[in-house]
Amino acid sequence: MKRTLIRGVRVFDPGAGIDARDRSVLIEGPYLRYLNVEPDVLADRVVDGHGLVLCPGFIDLRSHLGEPGFTRQESIATGVAAAAAGGFTTVVMMPTTEPTIDRVEVVELILSRARAAGSTRVLPAGALSLGRKGESLAEMGNLSAAGCVLFTDADRSVRDSQLLRYAMETAYDLRMPIATHAEDEWLSLGGVMNEGEVSARLGLRGSPSAAEAVGVARDLALAELTGARLHLGHVSTAGAAELIRQAKRRGVRVTAEVSPLHLILTDEATLGYNTAAKLVPPLRTQVDVDAVVRALADGTIDAVATDHQGQTELDKNVEFDRAASGSIGLETAFGVVLELVEQGRLTFERAVAVLTRGPAQVLGRRDLGRLIANGTADLVLVDPHAAWEFQLSSSFSRSRNTPLSGRMFPGRVVWSMARGEVTFDILR
């Protein structure tokens, strides 16, 4: 088996409580064989790890990979290439496909395409309802057996509370999480951005932050009723963060995520009718940004999930209210959390944890997000001090929609390995 030695590296794993400097790590085939060996061990390749940090491979809980049905926006192959460049070795793929991931054949197709694309792990999320229409439950048992890791209607709220209750009860029996887009769509109906001063200046219909808070309150109540594991997707408001904090104190089985863009941008990014900043949920106010950053720092929010969603120029370069929502984000997520570390708003330990241990716990996967001797070699090397500028010309994604083009970040991923295979490498 091929042997790779990473020499003189700092080994850092919040999940295992490891922070060791000047280690030499040996990878043998698909396995992380030893976390500390002699630096002169024979290997097929030796990587100089001085000044670098070796972490568990990152896990993304929310990516839209476009295949089948929307390969003009993204494909599994281009999506996992972007993931590898961002340090992600595992990606949970949303059921925003055509046909949607509500049948076993689609799961099998996705897993087959993912194997062909390389060693980055793609975990399908099964649709909660057939066609994500919110009218009848998908065959959740069959989807679970086929390889789905959670159930969700992605960026659509389940309006029917009784249907969501049934879904939670079924997921409870299957010992799987339900992930929701928490929003009262009757309250936010027609809103294309956050309701507030900026929407008034632009003359655009806004969606009030209360719509998210109402949706979160409903979903938490149902989780408390059923005992299900609820995961709240892309939290964006101060009100929602406080509701989650209170629910955790009561013992509700709830986890939550936030997208990188909601940690650093406000609705002012939409000024000039900038469609690159049109998202679901919309960018909010500085008060909301500060609140979700605090919630991420104190553990109320468990993970950062990219919500990577490619859109073509044709879909974005139109009037704001007609433009498609979404942004790519796999390649910049680590840079965003490091930006918060540089600002003193997040510790480095927490920054790594929300991309590794946190997502793994949401999925209930003890085999992911950790550095384990003789475990699978899902690894990422980061240079926490290498300032770099994100340029779309060098992006691996098929789409180019992001408000972060040209932004400087304080550190970057330099090398990724998934299941023992190097998937990204700028060290050669």
Completion exercise
Here, GLU313 and GLU421, labelled 7 Å along Cα→Cβ, have an inter-label distance in nm of 3.2 nm
Practice task
Using only Cα atoms, find the angle between the long axis of helix 161-174 and the longest principal axis of the chain, and express it within 0 to 90 degrees, rounded to the nearest 10.
Solution key: 30 degrees
Handout entry: Amide proton proximity set for THR255, modelled H, under 5 Å, gap of 5+
Key = LEU230, HIS231, LEU232
Completion exercise
If amide H atoms are modeled at 1.01 Å from N in the peptide plane, then the residues at a separation of 5 or more from TYR34, or on another chain, having amide H under 5 Å from its own are LEU26, ASN374
Exercise for the section: Lys and Arg at +1, Asp and Glu at -1: add these up for the other residues within a Cβ distance under 10 Å of SER416 and post the number. Expected result: -3
Handout entry: Förster radius 51 Å - calculated FRET efficiency between ARG294 and ASN374, Cβ distance, rounded to 0.05
Key = 0.85
Completion exercise
For the chain, longest principal axis from Cα atoms; helix 286-297 axis from its Cα atoms; angle between them, nearest 10 degrees, is 40 degrees
Fill in the blank from the handout: Excluding residues fewer than 8 positions from LYS2 in its own chain, the aspartates and glutamates with Cα under 13 Å of it are GLU28, ASP44, GLU421
Exercise for the section: Using θ = phi - 60° and the Karplus relation 6.51 cos²θ - 1.76 cosθ + 1.60, list the HN-Hα couplings for the stretch 405-412 in order, rounded to whole Hz, with x at every Gly or Pro. Expected result: 4, x, 7, 8, 10, x, x, 8
Completion exercise
Residue-ordered couplings for the stretch 274-280, obtained by feeding phi - 60° into the Karplus form 6.51 cos²θ - 1.76 cosθ + 1.60 and rounding to whole Hz (Gly and Pro as x), are 6, 6, 4, 9, 8, 10, 10
Practice task
For helix 238-250, report the angle its Cα long axis makes with the longest principal axis of the Cα atoms of the chain; keep it between 0 and 90° and round to the nearest 10°.
Solution key: 70 degrees
Practice task
Using R₀ = 30 Å, calculate the FRET efficiency as 1/(1 + (r/R₀)^6) where r is the Cβ-Cβ separation of SER405 and GLU224; round to 0.05.
Solution key: 0.10
Practice task
Taking every Cα atom in the stretch 301-428, find the radius of gyration and the maximum pairwise distance Dmax, and write them in Å.
Solution key: 16.2, 54
Practice task
Tabulate in residue order the Karplus-calculated ³J(HN,Hα) for the stretch 77-88, using 6.51 cos²θ - 1.76 cosθ + 1.60 with θ = phi - 60°, rounded to whole Hz; enter x for Gly and Pro.
Solution key: 5, 6, x, 6, 5, 5, 4, 4, 5, x, x, 8
Practice task
Under 1.5 on a/c is rounded, so check that first for the stretch 1-51, then, if it is not, pick prolate when a/b is larger than b/c and oblate when it is not; a ≥ b ≥ c are the square roots of the alpha carbon gyration tensor eigenvalues.
Solution key: oblate
Fill in the blank from the handout: Quick note on SER119, SER394, SER129, ordering by fewest other C-beta atoms within 10 Å, gives SER394, SER119, SER129
Exercise for the section: Would you mind checking which residues have amide H under 5 Å from PHE424's amide H? H placed 1.01 Å from N; only 5 or more apart, or other chain. Expected result: SER416
Handout entry: Antiparallel content of DSSP bridges confined to the chain, in %, to 5
Key = 50 percent
Problem - Charge dipole magnitude, Cβ of K and R +1, D and E -1 - the chain, Cα centre, debye nearest 20 - result: 720 debye
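Apply 1/(1 + (r/R0)^6) to the Cβ-Cβ distance of THR71 and ARG175, taking R0 = 41 Å, and write down the FRET efficiency to the nearest 0.05.
The computed FRET efficiency comes out at 0.75.
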Problem - Choice from GLN286, GLN311, GLN246 with maximal GNM fluctuation in the chain (Cα, 10 Å cutoff) - result: GLN246
Problem - CD proxy at 222 nm, helix term only [per DSSP H run n ≥ 4: -39500 (n - 2.57); per residue of the chain; nearest 500] - result: -8500 deg cm²/dmol
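Every number here is computed from the coordinates shown, using simple stated rules; none is lab data. In this text, all values refer to a predicted model and were calculated from it rather than measured experimentally. For neighbour counting, all protein chains shown are included, and Cβ atoms are generated from backbone atoms with ideal geometry for every residue, glycine included.
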